[in-house]
1. Please list, ordered by first then second residue, the pairs with beta carbon atoms under 7 Å, 6 or more apart or interchain, first in the stretch 28-47 and over 21 Å from E133 (Cα atoms), second open to solvent by 50 Å² or more (accessible area, probe 1.4 Å).
2. Could you tell me which of the residues R80, R102, R107 is farther than 19 Å from R134 by Cα, modelled with pLDDT under 90 and assigned to a loop (DSSP other than H, G, I, E, B)?
3. Quick check: is even one residue across the stretch 57-74 open to solvent by less than 50 Å² (accessible area, probe 1.4 Å), under 27 Å from S37 (Cα atoms), modelled with pLDDT under 90 and outside any helix (DSSP H, G or I)?
4. Test each condition in (1) polar (S, T, N, Q); (2) part of a helix (DSSP H, G or I); (3) at pLDDT below 85 for Q96 and report the one that comes out false.
5. In the set A169, A197, which member is among the aliphatic types (A, V, I, L, M) and more than 24 Å from I40 (Cα to Cα)?
6. Criterion first (surrounded by 11 or more Cβ atoms within 10 Å (Cβ to Cβ), under 30 Å from L29 (Cβ atoms) and modelled with pLDDT of 90 or more) does V130 satisfy it?
7. Determine, yes or no, whether R189 is open to solvent by 90 Å² or more (accessible area, probe 1.4 Å) and at pLDDT 90 or above.
Amino acid sequence: MNPSRPGRVRRVLSPDVSWSDPRLVRACLSGNEQAWSALIAKYKNLIYSVPMKYGASPEDAADIFQSVCLELFSELPRLRKPAALRGWLVTVAAHQAFHWKRRVRRRAEDELTDLEAETIGTDPSRDLIVQVEREQMLREAVEGLPPRCQEMIRLLFYQQPQLSYREVAERLGLATGSIGFIRGRCLKRLQRTLERAGF
C-alpha cells in the first residue's frame with residue numbers, strides 16, 4: 001500500500017523493451033534478470049541482422065549473436081554511454097561478422113576467384129552500420145505505434161507475398177474501403193515518430 005494514498009496499491013512496472021537504454025542498463029547492472037531479457041529482446045533483430053548482411057547462415061548468425069550478447073554482458077559495467085548502446089551493438093556485431101567472414105574466406109581461399117574475394121571486403125562497412133541502425137530505428141518506431149497500426153504495417157509491408165487490401169481487411173476485421181485511410185494515418189504517425197528520432 002502507498003502510505004500517501006490510502007487504499008491505492010503502487011504498481012511496480014517490470015522492465016520491457018519500451019524502457020530507455022540507460023534505464024535498462026541501470027536495471028541490468030543492479031542484477032535485474034528481466035531487464036537483461038528486455039535488453040536482448042529489444043536488440044535481438046538488430047544484432048542478428050548484421051551477420052545476415054555479411055552473408056552468414058542462420059546457424060553462423062546465431063553464433064555471432066551469442067558472441068555479441070556475451071561481449072555485451074561482460075562489457076556492460078564498463079559502458080560509458082548507455083544512450084549509445086545501439087551504436088555500440090552494431091559496431092561489435094559488425095566486427096564479429098567481419099572476423100567470421102575473414103575466417104570463412106581463409107578456409108575457402110583456394111576455391112575463391114578474384115571477383116568473389118573482392119566482394120568479401122576487408123573491413124566492416126560504415127554504410128552497413130548506418131543501414132542496420134536505421135533498420136533498428138524503424139523497428140522501434142513501428143513497435144511504438146498503437147497495436148492496430150503495428151499490425152496493419154506488418155500485414156501491408158512485411159508479408160511475403162504481399163497481401164491485398166481485402167486480405168488485410170479480413171485479418172483486421174475492417175471494411176476494405178477503410179484500409180487506405182487507416183494506412184495513411186498509421187504511416188503519418190510512423191513518419192512523425194521517425195522524424196523525432198532523427199531518421
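The values are calculated or read from the model by the stated rules, or taken from the named source; none is laboratory data. Bear in mind that the values here come from a model prediction, so they are computed numbers and not experimental data. Note that we place each Cβ from the backbone using ideal geometry, even for glycine, and neighbour counts take in every protein chain shown. For accessibility, only protein heavy atoms count, side chains too; no ligands or nucleic acids. Shrake-Rupley method; radii C 1.70, N 1.55, O 1.52, S 1.80 Å.
1. Listed by first residue and then by second, the contacts come to C28/W36; L29/P77; Q34/S14.
2. On the way: R102 fails: assigned to a loop (DSSP other than H, G, I, E, B); R107 fails: assigned to a loop (DSSP other than H, G, I, E, B).
Answer to the selection: R80.
3. Taking every residue of the stretch 57-74 in turn, none turns out to be open to solvent by less than 50 Å² (accessible area, probe 1.4 Å), under 27 Å from S37 (Cα atoms), modelled with pLDDT under 90 and outside any helix (DSSP H, G or I).
4. (3)
5. Details: A197 fails: more than 24 Å from I40 (Cα to Cα).
Only one candidate qualifies: A169.
6. no
7. Values: open to solvent by 90 Å² or more (accessible area, probe 1.4 Å): yes; at pLDDT 90 or above: yes.
Yes; evaluated as a whole, the condition is true for this residue.
Residue by residue, here is whether (1) assigned to a loop (DSSP other than H, G, I, E, B); (2) farther than 17 Å from T91 by Cα; (3) open to solvent by less than 70 Å² (accessible area, probe 1.4 Å); (4) modelled with pLDDT of 90 or more holds:
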{"position": "P3", "(1), (2), (3), (4)": "yes, yes, no, no"}
{"position": "L13", "(1), (2), (3), (4)": "yes, yes, no, no"}
{"position": "W19", "(1), (2), (3), (4)": "yes, yes, yes, yes"}
{"position": "R26", "(1), (2), (3), (4)": "no, yes, no, yes"}
{"position": "G31", "(1), (2), (3), (4)": "yes, yes, yes, yes"}
{"position": "W36", "(1), (2), (3), (4)": "no, yes, yes, yes"}
{"position": "N45", "(1), (2), (3), (4)": "no, no, no, yes"}
{"position": "S49", "(1), (2), (3), (4)": "no, no, yes, yes"}
